[in-house]
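Structure record follows, encoded as structure tokens.
The values are calculated or read from the model by the stated rules, or taken from the named source; none is laboratory data. Here the structure is a predicted model, which is why all the values come from computation and not from measurement. As a convention, Cβ positions derive from the backbone with ideal geometry for all residues, glycine included, and neighbour counts pool all protein chains shown.
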Amino acid sequence: MNPNYSRILEKEIQKIDESGVKPALLLHSCCAPCSSYVMEYLREHFRITVFYYNPNITSEEEYSYRLSEEKRLIGEYNRQVEAQDFEGMNSTEAAEKIDILECPYDPENYLEAVKGYEECPEGGERCGICFEMRLRKTAQAAREGGFDCFTTTLTISPLKNAARLNEIGEKVGAEYGVDFLPSDFKKKNGYKRSIELSRQFSLYRQNFCGCAFSKKDAQKREEK
């Protein structure tokens with residue numbers, strides 16, 4: 001039986017709030033819709049920097065569009081903090097502004113890493129390689145940037161294995177000496193809230209994770 005990562009996160013946040021000190025969190029984000037709820041939820045408890053590293057997005061146009069949407073949403077959230085205007089949001093004056101740290105577009109490393117796994121089904125070994133690649137880069141950046149902890153928005157997706165992501169996060173965190181913040185953001189209506197926020201901010205919601213392989217699978221599903 002897998003741990004209840006959502007409950008573990010709640011306990012961690014309770015400890016943080018009781019300490020009165022907000023840790024610096026490096027939040028790996030795959031896209032604006034997935035990060036929408038996560039940022040709304042965590043910005044009262046952490047000083048968040050979004051880490052945009054997604055070499056699995058094998059179309060530069062798609063990559064740039066998702067990045068621009070991420071920046072637009074962060075700008076909206078920061079405007080709320082500046083104006084102390086949280087109407088329709090699950091946040092209060094305790095919310096912090098959010099920074100972003102971008103990585104260069106680098107699909108070649110991803111394609112090299114998954115060579116030989118191109119025909120794996122969605123959720124298989126190719127995805128595991130991708131998860132570890134992105135989380136390892138986040139852990140490295142967290143250590144180099146002096147962050148207290150790191151985590152990823154990927155656990156908000158109903159199509160992603162939260163236990164697998166948490167295990168990878170804990171492993172690479174231990175290797176780099178940075179705490180991994182456990183999560184299962186889809187729980188407690190997190191995924192539902194991300195859909196609501198996507199509508200509220202008119203966010204672009206893609207129907208594939210980003211790689212050419214998942215796009216091909218999505219096209220097949222649509223054809224059926």
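Here is how the numbers come out for the structure above:
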| read-out | value |
| --- | --- |
| Restricting segment 100-118 to residues that are charged (D, E, K, R) and in contact with a helix residue (DSSP H, G or I) (Cβ under 8 Å, 6 or more places away or on another chain), the residue that is farthest from Asn54 (Cα to Cα) | Glu118 |
| Restricting segment 77-118 to residues that are of a type in the set (A, V, I, L, M, F, W, C) and assigned to a loop (DSSP other than H, G, I, E, B), the residue that is farthest from Leu42 (Cα to Cα) | Val114 |
| Yes/no for Arg193 being buried (at least 18 other Cβ atoms within 10 Å of the Cβ), among the basic types (Lys, Arg) and in contact (Cβ under 8 Å) with a residue 12 or more places away in the chain | yes |
| Residue in segment 122-134 that is under 22 Å from Leu25 (Cα atoms), out of contact with any Phe, Trp or Tyr (no Cβ under 7 Å at 6 or more places or on another chain), without any contact (Cβ under 8 Å) to a residue 40 or more places away in the chain and not in a loop (DSSP other than H, G, I, E, B) present | yes |
| Residue identified as surrounded by 19 or more Cβ atoms within 10 Å (Cβ to Cβ) and charged (D, E, K, R) among Lys171, Lys186 | Lys186 |
| Residue in segment 147-158 that is without any contact (Cβ under 8 Å) to a residue 40 or more places away in the chain and either surrounded by 18 or more Cβ atoms within 10 Å (Cβ to Cβ) or not small (Gly, Ala, Ser) (or both) present | yes |
| Residue within segment 192-213 that is assigned to a helix (DSSP H, G or I) and modelled with pLDDT under 95 present | yes |
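Let's see how each residue does on (1) surrounded by fewer than 16 Cβ atoms within 10 Å (Cβ to Cβ); (2) closer than 20 Å to Asn166 by Cα; (3) at pLDDT 95 or above:
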{"site": "Ala32", "(1), (2), (3)": "no, no, yes"}
{"site": "Ser35", "(1), (2), (3)": "no, yes, yes"}
{"site": "Phe46", "(1), (2), (3)": "no, yes, yes"}
{"site": "Phe51", "(1), (2), (3)": "no, yes, yes"}
{"site": "Glu60", "(1), (2), (3)": "yes, no, no"}
